[in-house]
1. Rounded if a/c is under 1.5, else prolate if a/b beats b/c, else oblate: with a ≥ b ≥ c from the C-alpha gyration tensor eigenvalues square-rooted, which is the stretch 171-211?
2. Name the residues whose placed amide hydrogens come within less than 5 Å of the amide hydrogen of Met74, ignoring near sequence neighbours (fewer than 5 apart) on the same chain.
3. Would you please put 79-90, 59-70 in order of how densely packed they are, using the mean number of other Cβ atoms within 10 angstrom per residue and starting with the highest?
4. Strictly over 20 Å apart at the Cα level, which of Lys164/Lys190; Lys123/Lys218; Lys124/Lys168; Lys144/Lys201; Lys11/Lys46 would you flag in this model?
5. Among Tyr216, Tyr106, rank each residue by its count of other Cβ atoms within 10 Å, from fewest to most, as a rough exposure measure.
6. With charges set only on the Cβ (+1 for Lys and Arg, -1 for Asp and Glu), what does the dipole of the stretch 51-160 come to about its Cα centre, in debye to the nearest 20?
7. Checking the cross-link filter: which lysines have an alpha carbon closer than 17 Å to that of Lys42, excluding same-chain neighbours under 8 positions apart?
8. If packing is taken as the average count of other Cβ atoms within 10 Å, what order do 50-57, 146-153 fall into, highest mean first?
Amino acid sequence: MSPTEIPTPVKIASTIVSADIATVKPVTDKGKPSNDLVFVGKLPRKKECPGITYEIQPGQHIQEEPVFMTISNMEFPDGTIRPCQLFFQSATETHGSWVDLLARTYSRVWQEARIDFPAWTVKKLLQTTDARGGYYAADVGFVKSLGHHIGLILEKHCLSLGIKIREKIPENIQRILATKQIEAEKLGIKGTLCPKCSHKKVVRLDGCDTCLECGYSKCG
Ligand SMILES: [Zn+2]
């Protein structure tokens, strides 16, 4: 079947003995086919999947013991290597129930295999906050919550596989930010919390607040 064909219903008269994954081109709101391939159905779990385990140290007020997060990858029908399973392990059960739910849900969604699913699931985690306050993590900087921390590591994992989660800052903006960074360092200006990316990288220069991390800017 060609990737542009939409499967039509077929009456099944005999017993199903095997199944395969169909690929279709999704149609965008404007009626044009999207470049993203969508796979219909859940991919079968492979017997062996290579994975990476990350040690996540939450803030002391969240949990003293580290959380170990394992992400396994597999090759999808379009030839890309993407995450397919997520596991958590920790010496305590403080966050056991919600991280277990997260792992089960994300594993299922990733195996559902829509090409934009890894990015979508990570973006949702990056939005999570904790009423008890965020903390500084040695590996990723300031985080708003344990969920945000997990999201940043997942993002790093996805980037290592070539999956882009957030828009890259254009080069001309990067140059402006680098100039502002040097200026801020000279003047000894300490960064404050960015409302967009949550890094403590917002500096006030020339009447504008600018985040040296993500480029967020507010003047006046
Ligand atoms: Zn920012």
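1. Verdict is oblate for the stretch 171-211.
2. When sequence neighbours closer than 5 places are left aside, the close amide H contacts are Arg82, Cys84.
3. Descending mean neighbour count gives 79-90, 59-70.
4. Lys164/Lys190; Lys123/Lys218; Lys11/Lys46
5. The fewest-first ordering by Cβ neighbours comes to Tyr216, Tyr106.
6. 320
7. Answer for Lys42, where 17 Å is the Cα cut-off: Lys25, listed by chain and number.
8. 146-153, 50-57
Read-outs throughout are calculated quantities, based only on the coordinates presented, and are distinct from any laboratory measurement. Every value quoted in this text rests on a predicted model; they were computed, and no experiment measured them. Positions of Cβ are backbone-derived with ideal geometry, glycine not excepted, and every protein chain shown enters the neighbour counts.
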